[in-house]
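Novice: One structure follows; several queries about it will come next.
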Amino acid sequence: MLRWITLFICLFSYFIYHDSHASDTELKNLRWEWEVYDDDAGHFVPYFKQQKTQTVRFNVDLSKYRDSYLKLDLPPNYFVWIDGKLVFSNLTEGTRFWKLDSLNKIYKKGQVQMTLYGSEVISQAVGTSVVNIQSEDLTEDVNKFFLQRNDHGQLDNFIIISIATLSLIALFRAFNFRLFREYFSVGKSLQLRQNFDLITAHAPLSWPNMAFMLFYAVLVGNTAMNVDLFLTRPIFDASFDLSATSNLSLGFHVFAICLVLMIGKLILITIGTELFKINKVRAVHFFTYFRQSLIMAMIMFSLSVINGILGGMLVDEYWNLIQLILVLAWSGRLVLIFFVLNKIYTFRKLHLFSYLCSSEMIPLLLLFKIFLK
């Protein structure tokens, strides 16, 4: 009797499992149409299982399979391009069902070319097939993929943001050329004996320097907007996540944060120099820091424009490397400030190091902790 009960339980479990996984019927396995680029041949060739590659491409016939779905089984960190445009990033392992009729309405042609790219070699875990869905539960995922990305008009927004910022740069350069050239002199910014004769002719919070602080905040804010248009992951860590806001709102948030941080930096340096009795380094310290920040902001904005021209490929593929470069640049600025202050003024090394720990190193570590992943 016990044997029959055990057999019944096993059969019942099998049918329940089979029924729960038979919600889609495969019409065509697209793996047989995968192509990879052969460096020796100089063109794409059919994919074979023994080939090691990070990128495959294949064509999807949108007109042939009506009321069907493209089923993608993707491991973590896989990217999907359609006709050369990045449309989706799979940050976690999962299965996506994309309705072919919806794709047909977007691209308005019978066939599209899809490209898959993974951080690791394409494996058996990657699945591409055309299926019929028998369960209504799976259709909820269809409207949550990249259809919404195409409606954002990110290319138009990118062009508007970039042209507006470039126009602002031209205006600053035209109306205050001497001060603009002084701030953006890369050669002078790397010298150990800094020269701020033209800059220090104005107080730190005078209108010319305040204008450049606003200009710095605009550069960083517009850079964040350009990056956000194409990046498929949050710009900031979850502890300070602004990714839920709109692109314009993100720009205003970053603008306000940068302006407040720069004014706060001036206040921190003022308090620090008072406590350590080194008031004579105040102007040199702040303007060395601010000039380096302006130059880095200009470089970041320029790279964001290049990234947009390339369709957002740079930030998606090299985001971790970009963050590492930022960390190294900010750390390098701290080292430069140490040598600049030590070159111009005579300090005991321990006294200068203690001052920079309170005014530079501790705030920098907090910045890394809050903003960077």
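This table checks each residue for (1) part of a strand (DSSP E or B); (2) under 23 Å from G312 (Cβ atoms); (3) more than 22 Å from the chain's Cα centre (by Cα); (4) outside the structural domain of N29 (by TED's automatic domain parsing).
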position: R66; (1), (2), (3), (4): no, no, yes, no
position: D73; (1), (2), (3), (4): yes, no, yes, no
position: P76; (1), (2), (3), (4): no, yes, no, no
position: V80; (1), (2), (3), (4): yes, yes, no, no
position: V87; (1), (2), (3), (4): yes, yes, no, no
position: T92; (1), (2), (3), (4): no, yes, no, no
position: R96; (1), (2), (3), (4): yes, yes, yes, no
position: Q113; (1), (2), (3), (4): yes, yes, yes, no
position: Y117; (1), (2), (3), (4): yes, yes, no, no
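Novice: Quick one: what pairs do we get from the stretch 260-277, first residue more than 22 Å from W207 (Cα to Cα), second surrounded by 17 or more Cβ atoms within 10 Å (Cβ to Cβ) and of a type in the set (V, I, T), C-beta under 7 Å, 6+ apart or different chains?
Specialist: T273/V281
Novice: Going by what's in this entry, would M361 be described as in the same structural domain as R181 (by TED's automatic domain parsing), closer than 29 Å to L86 by Cα, touching a residue at least 24 places away in the same chain (Cβ under 8 Å) and not in a loop (DSSP other than H, G, I, E, B)?
Specialist: Spelling it out, it is not the case that M361 is in the same structural domain as R181 (by TED's automatic domain parsing), closer than 29 Å to L86 by Cα, touching a residue at least 24 places away in the same chain (Cβ under 8 Å) and not in a loop (DSSP other than H, G, I, E, B).
Novice: Out of S243, S249, S239, S302, I need the residue that is part of a helix (DSSP H, G or I), surrounded by fewer than 19 Cβ atoms within 10 Å (Cβ to Cβ), modelled with pLDDT under 80 and of a type outside the set (K, R). Which one?
Specialist: S239
Novice: Output the number of residues of the stretch 32-69 satisfying the condition of being within 14 Å of V112 (Cβ to Cβ) and exposed (fewer than 13 other Cβ atoms within 10 Å of the Cβ).
Specialist: 2
Novice: Same structure, new question: So, in the stretch 19-31, of the ones that are within 23 Å of P75 (Cβ to Cβ) and either modelled with pLDDT of 85 or more or out of contact with any strand residue (DSSP E or B) (no Cβ under 9 Å at 6 or more places or on another chain) (or both), which residue ends up surrounded by the most Cβ atoms within 10 Å (Cβ to Cβ)?
Specialist: Filtering first and then ranking leaves L30.
Novice: In addition: Is it the case that the stretch 311-318 has a residue that's over 13 Å from the mean Cα position of the chain (by Cα), at pLDDT below 90, in a helix (DSSP H, G or I) and more than 20 Å from Y216 (Cα to Cα)? Show your work before the answer.
Specialist: Filtering the stretch 311-318 for residues over 13 Å from the mean Cα position of the chain (by Cα) gives none.
No, the conditions are met nowhere in the stretch 311-318.
Novice: A further question on this structure: Which residues, counting only those in the stretch 339-355, are among the charged types (D, E, K, R) and assigned to a loop (DSSP other than H, G, I, E, B)?
Specialist: Residues of the stretch 339-355 among the charged types (D, E, K, R): 343, 348-349.
Selection gives R348 alone.
To keep it simple, each residue is scored yes or no on (1) under 12 Å from T128 (Cβ atoms); (2) of a type in the set (K, R); (3) at pLDDT 80 or above.
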position: D38; (1), (2), (3): no, no, no
position: V45; (1), (2), (3): no, no, yes
position: N59; (1), (2), (3): yes, no, yes
position: V80; (1), (2), (3): yes, no, yes
position: L91; (1), (2), (3): no, no, no
position: W98; (1), (2), (3): yes, no, yes
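Novice: Can you give me the ranges of the helices (runs of 4 or more DSSP H) entirely in the stretch 175-235 with at least 3 residues that are modelled with pLDDT of 85 or more and farther than 30 Å from W81 by Cα? Before you say what the answer is, go through the steps one by one.
Specialist: Numbers: elements: 177-183, 186-189, 207-230.
Once the helices (runs of 4 or more DSSP H) in the stretch 175-235 are filtered for at least 3 residues that are modelled with pLDDT of 85 or more and farther than 30 Å from W81 by Cα, what remains is 177-183, 207-230.
Novice: Moving on to the next point. When you go through L350, L326, L294, L310 one by one, which is the residue that is among the aliphatic types (A, V, I, L, M) and in contact with a Phe, Trp or Tyr (Cβ under 6 Å, 6 or more places away or on another chain)?
Specialist: On the way: L350 fails: in contact with a Phe, Trp or Tyr (Cβ under 6 Å, 6 or more places away or on another chain); L326 fails: in contact with a Phe, Trp or Tyr (Cβ under 6 Å, 6 or more places away or on another chain); L310 fails: in contact with a Phe, Trp or Tyr (Cβ under 6 Å, 6 or more places away or on another chain).
One residue alone meets the criteria, L294.
Novice: Here is a further query. Go through the residues of the stretch 102-113 one by one and say whether even a single one is in contact with a strand residue (DSSP E or B) (Cβ under 6 Å, 6 or more places away or on another chain) and among the aromatic types (F, W, Y).
Specialist: Filtering the stretch 102-113 down to residues in contact with a strand residue (DSSP E or B) (Cβ under 6 Å, 6 or more places away or on another chain) leaves 111-113.
Okay, now just the ones that are also among the aromatic types (F, W, Y), so none.
For the stretch 102-113, residues in contact with a strand residue (DSSP E or B) (Cβ under 6 Å, 6 or more places away or on another chain) and among the aromatic types (F, W, Y): absent.
Novice: Can you confirm whether M262 is in the same structural domain as S162 (by TED's automatic domain parsing), crowded, with 18+ Cβ neighbours inside 10 Å, modelled with pLDDT of 90 or more and not polar (S, T, N, Q)?
Specialist: On the way: in the same structural domain as S162 (by TED's automatic domain parsing): yes; crowded, with 18+ Cβ neighbours inside 10 Å: yes; modelled with pLDDT of 90 or more: yes; not polar (S, T, N, Q): yes.
For M262, the condition - in the same structural domain as S162 (by TED's automatic domain parsing), crowded, with 18+ Cβ neighbours inside 10 Å, modelled with pLDDT of 90 or more and not polar (S, T, N, Q) - is met.
The values are calculated or read from the model by the stated rules, or taken from the named source; none is laboratory data. All figures in this text were calculated on a predicted structure; none of them were measured in a lab. Positions of Cβ are generated from backbone atoms using ideal geometry, with glycine treated the same way; all protein chains shown enter the neighbour counts.
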